[in-house]
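See structure below.
No lab work stands behind these numbers, since they all come straight from the coordinates. Only a predicted model underlies this, so the values are computations on that prediction, with no experimental measurement involved. Here the Cβ positions follow ideal geometry from the backbone for every residue, glycine too, while neighbour counts run over all protein chains shown.
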């Protein structure tokens, strides 16, 4: 195992270092932000409903509607007050975009810590260029905040084990608990820490107990969500092809493979990656949700639910590309693929234009004061449609 200082010194002697990946990363982040002021899509309208009133309503609605804690919605509730000045869509998405920036920086730091700065910046670029990550970057939903907290947890995890400093132990405990508070299913990625931490179990058990204690207030909500899981299930049975796509997104895998083909040489990379840890992070979240969805009536194999494995995808890509002489070629491929994908997706975030349809309804001289439209949420097709507490969001 190598210290960060030794890895940094080894990197400084590498004549392949350049600003090119950093420029590509900046461009990729700008491409991801291109549609930040466009119309909300269906799930984002629920975020607006949760945060549109007082703080008590935020807590109650996040519990009753989303089956989650209010940690993300409180950030959206604060930013919603900027709506009159910068526009509602931008105001709701601002916390997500700030979390996106934090996630990219933290992943770079993690890649640098485990490998070197070049591998770190290439991992950050690969992360941004995963289409589902780019979509989540401006999505007024909790997923990007969950990724940022997950990256913070991973970085503090390693720094605590290496340094033994109390500060990192405290930060790790808090950030790991907050991952679960942000989205329960993102907690699956923490399984990788268990794989790595078995050899240090005496040092980690007290922290894991503390994380569990911090998550205890969620027990009642988790039980309630489990009991009503059928109401929220909307996806079909998954197929194996989708599982492989989750583990190896085509844009990233294709860019790495093409770069390997055109590279003149492959260099050695000194690193401190623990491969079982990284593979557990990569495979466990999508594989677990795939199994649950395949063998039960609870369908959870949804892209945004296994998004917690995307940093592991990016770290593997950063490791592979940083060893190739064609790393500039791979960086260009990743950035260009993302730009083309966003251009083909059109001018709206997602495939729904709720702002446009609202303007169209308002423009009609129907003489009616109110137009009711069923929202399209899966709960709107079930017995939940008669739930008075949810009527605002289902219509």
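Here are the numbers:
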{"item": "Gyration tensor verdict on region 281-356 (Cα atoms; rounded if a/c is under 1.5, prolate if a/b is larger than b/c, oblate otherwise)", "result": "oblate"}
{"item": "Highest-fluctuation residue, 285, 84, 249 considered, GNM on the chain with Cα pairs under 10 Å", "result": "84"}
{"item": "For the chain, built as a Gaussian network whose Cα springs stay under 10 Å, the top-fluctuating residue of 85, 305, 48", "result": "85"}
{"item": "Extension gain, residue 288 back to residue 236 (0.36 nm per residue minus Cα-Cα distance, nm)", "result": "17.1 nm"}
{"item": "Segment residue 362-residue 19, extension gain: residue separation times 0.36 nm, minus the distance between their alpha carbons", "result": "118.5 nm"}
{"item": "Sequence-separation-based contact order of the chain, relative, with Cα cut under 8 Å and 6+ spacing, percent", "result": "24 percent"}
{"item": "Debye-sum result for the chain in log10 I(q)/I(0), which assumes one identical scatterer on each alpha carbon, at q = 0.08, 0.12 Å⁻¹", "result": "-0.44, -0.99"}
{"item": "The chain: calculated mean residue ellipticity at 222 nm from DSSP helix runs of at least 4, using -39500 (n - 2.57)", "result": "-20500 deg cm²/dmol"}
{"item": "Region 256-321: Cα Rg divided by the 2.2 N^0.38 Å rule of thumb", "result": "1.45"}
{"item": "Helix 327-345 vs. the chain, principal-axis angle (Cα, 0 to 90°, nearest 10)", "result": "10 degrees"}
{"item": "Shape category assigned to region 26-88 from the gyration tensor of Cα positions, a/c cut at 1.5", "result": "prolate"}
{"item": "Footprinting exposure proxy for 114, 161 (fewest neighbouring C-beta atoms within 10 Å first)", "result": "161, 114"}
{"item": "Label-to-label distance, nm, for residues given as residue 245 and residue 272 (7 Å Cα→Cβ offset)", "result": "3.8 nm"}
{"item": "Separation of the residue 279 and residue 167 label points, Cα + 7 Å toward Cβ, nm", "result": "3.6 nm"}
{"item": "Residues 115, 154, 29 arranged by fewest to most Cβ contacts within 10 Å", "result": "29, 115, 154"}
{"item": "Three-way shape call for region 109-209 based on the alpha-carbon gyration tensor, with the a/c threshold at 1.5", "result": "oblate"}
{"item": "Zone residues, region 180-216, relative to residue 78, backbone N less than 16 Å from point 7 Å out along Cα-to-Cβ", "result": "182"}
{"item": "Relative contact order of region 103-177, pairs being alpha-carbon contacts under 8 Å that are 6 or more residues apart, as %", "result": "28 percent"}
{"item": "Selected from 272, 199, 112 as most flexible by GNM, with the chain as the system and alpha-carbon contacts under 10 Å", "result": "199"}
{"item": "Euclidean distance of C-alpha centroids, region 147-200 and region 24-94, integer Å", "result": "26 Å"}
{"item": "Helix 42-51 axis, angle to the chain major axis (alpha carbon atoms, nearest 10°)", "result": "80 degrees"}
{"item": "Nearest 10 degrees, 0 to 90: helix 166-182 Cα axis against the chain principal axis", "result": "40 degrees"}
{"item": "Potential extension, residue 64-residue 199 segment - 0.36 nm per residue separation minus Cα distance", "result": "44.5 nm"}
{"item": "Exposure proxy order (Cβ contacts within 10 Å, fewest to most) of 377, 244", "result": "244, 377"}
